[in-house]
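> Dropping a structure here in structure tokens format, bear with me for questions.
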Amino acid sequence: MIQSMTGYGKSILQLPSKKITVEIKSLNSKSLDLNTRMPSQYREKELELRDRIAKSLTRGKVDFNLFVEITGEETSTLINDAVVKQHMKQLRGIVEGDDLELLKMAIRMPDALKTERDEIDEDEFHHILSSVEEALVAINQYRSDEGKVLEADFRQRAQTIATLLKEVEQLDPERMANVRERLQKAVSDLKEAVDSNRFEQELIYYLEKYDITEEKVRLQNHLAYFLETLASNDSNGKKLGFISQEIGREINTIGSKANYAPMQQVVVQMKDELEKIKEQALNVL
């Protein structure tokens, strides 16, 4: 089963004095590109959080956000009494006003407030880790659901290419007859005597150059391998991309050998379906 690299997971942790929200978002990327955003007091645990996320999300551009909202009386911001009093003293020497007005001005001045760094409570961090795991479960489920949509689309487009290949096979005898007729007409237009045996040999040579039997067989095999990879237990977007390249190689060769407008039109439709497969394969884990 394939997984998409696009996903979203969220978990909300309600503690006695604070509300902690964990959000994880991911988009497609060639490797794991993890960006974290969290309050400074939790930075010492960043490596542990990164390790947890990296083990669960092996690829993708991942944004991890940890938001903390204080809901109780707890606060780490305190008034710096000495600094505020010094500001008020200086202000009295500049402007007239009562203490309340001076206090309003002083509290807005630099260093009037100080923030004490909180130590991380291990029990709280244990709950945070559980919340991160919940968000990871949610984002992986999201990725799996998106993967099912991608898989259905891949199967439909691969089947469309297979159907178009059958049209190519049906057109092939008509195409070869058309090529033979054009070559014979070109020779007759020369109004020169031609050795019929030599002409037949040359004709066979050119017809062999235009033969697409091998390309049709290889294209069928690549399509079968693509569907087989979709059905495997592992999600391997890079492998699907490589197989898509091989499919494209055979389609391009058929197009270059076609030399027949109705077949080239069918080849264009096959290329269109393949391009959509390639675009979507970039988003597969």
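Residue by residue, here is whether (1) hydrophobic (A, V, I, L, M, F, W, C); (2) in contact with a Phe, Trp or Tyr (Cβ under 9 Å, 6 or more places away or on another chain) holds:
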{"position": "ASP111", "(1), (2)": "no, no"}
{"position": "GLU122", "(1), (2)": "no, no"}
{"position": "HIS126", "(1), (2)": "no, no"}
{"position": "GLU133", "(1), (2)": "no, no"}
{"position": "LEU136", "(1), (2)": "yes, no"}
{"position": "ASN140", "(1), (2)": "no, no"}
{"position": "GLU146", "(1), (2)": "no, no"}
{"position": "ARG157", "(1), (2)": "no, no"}
{"position": "LEU171", "(1), (2)": "yes, yes"}
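> So, in segment 227-252, of the ones that are of a type in the set (Val, Ile, Thr) and over 16 Å from GLN269 (Cα atoms), which residue ends up surrounded by the most Cβ atoms within 10 Å (Cβ to Cβ)?
By that ranking, first place goes to ILE243.
> Kindly indicate whether GLY60 is at positive phi and surrounded by 12 or more Cβ atoms within 10 Å (Cβ to Cβ).
Criteria met by GLY60.
> Something else now. So is ILE53 touching a residue at least 24 places away in the same chain (Cβ under 8 Å) and touching a helix residue (DSSP H, G or I) at 6+ places or on another chain (Cβ under 6 Å) or not?
Answer is no for this residue.
> A further question follows. Six or more apart or on different chains, Cβ under 7 Å: which pairs go from a residue in segment 238-257 that's not assigned by TED's automatic domain parsing to the domain that holds ASN28 and of a type in the set (Lys, Arg) to one that's surrounded by 15 or more Cβ atoms within 10 Å (Cβ to Cβ) and not in a helix (DSSP H, G or I)? Could you list them?
Matching pairs, first to second residue: LYS257/TYR210; LYS257/ILE212.
> Can you find a residue in segment 108-116 that is surrounded by 15 or more Cβ atoms within 10 Å (Cβ to Cβ) and either under 22 Å from SER235 (Cβ atoms) or not acidic (Asp, Glu) (or both)?
There is at least one residue in segment 108-116 that is surrounded by 15 or more Cβ atoms within 10 Å (Cβ to Cβ) and either under 22 Å from SER235 (Cβ atoms) or not acidic (Asp, Glu) (or both).
> Return the total of residues in segment 124-182 being within 31 Å of the chain's Cα centre (by Cα) and charged (D, E, K, R).
The qualifying residues number 10.
> If I filter segment 110-123 for residues that are modelled with pLDDT of 80 or more and farther than 19 Å from ILE20 by Cβ, do I get at least one hit?
Checking segment 110-123: not a single residue is modelled with pLDDT of 80 or more and farther than 19 Å from ILE20 by Cβ.
> Going by the structure shown, is GLN265 modelled with pLDDT of 95 or more and either in contact with a helix residue (DSSP H, G or I) (Cβ under 7 Å, 6 or more places away or on another chain) or more than 17 Å from GLU169 (Cβ to Cβ) (or both)?
So GLN265 fails the test.
The values are calculated or read from the model by the stated rules, or taken from the named source; none is laboratory data. Computed from a prediction, not measured in an experiment: that's the story for all the values here. Using ideal geometry, Cβ is built from the backbone for each residue, glycine included, and neighbour counts are taken over all protein chains shown.
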